[in-house]
Amino acid sequence: MPLSAGGATHAGAYHQPMAQLIRMDGSGHTTLAEWGAADDAAFAEAVEEFRGQLELGYIGTVPDGPGKATHVRELPREADLVIMRRPIAGG
């Protein structure tokens, strides 16, 4: 763990969690974009990718726990994981 000048540790100083935009597909899933909380450029790229996937007919969802998800029409910056998937066939 990194140490400051006074010897105190800084948990996470080198590890910043990355949010992910993934697409469920034939390979299992493909990572489309990643962004950190302070990375405006990476988030802007993720927004463009999200919009492109919507145009291709994918649906965006944010997991809400086991077996639950919320449908999203815009990429939520605060989400840890956003999953793009095809609509379920049937009626």
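Quick notes on this structure:
- Meets criteria (buried (at least 16 other Cβ atoms within 10 Å of the Cβ) and within 12 Å of Gln20 (Cα to Cα)) for Leu75: yes
- Any hit, the stretch 4-20, residues being surrounded by 12 or more Cβ atoms within 10 Å (Cβ to Cβ), within 21 Å of Ala89 (Cα to Cα) and at pLDDT 95 or above: no
- Residues in the stretch 31-40 that are part of a strand (DSSP E or B) and either surrounded by 18 or more Cβ atoms within 10 Å (Cβ to Cβ) or among the aliphatic types (A, V, I, L, M) (or both): Leu32, Ala33, Trp35.
- Test: residue in the stretch 41-58 that is surrounded by 15 or more Cβ atoms within 10 Å (Cβ to Cβ) and not in a helix (DSSP H, G or I): yes
The values are calculated or read from the model by the stated rules, or taken from the named source; none is laboratory data. Bear in mind the structure is a predicted one, so any value in this text is a computation, not a measurement. For neighbour counting, all protein chains shown are included, and Cβ atoms are generated from backbone atoms with ideal geometry for every residue, glycine included.
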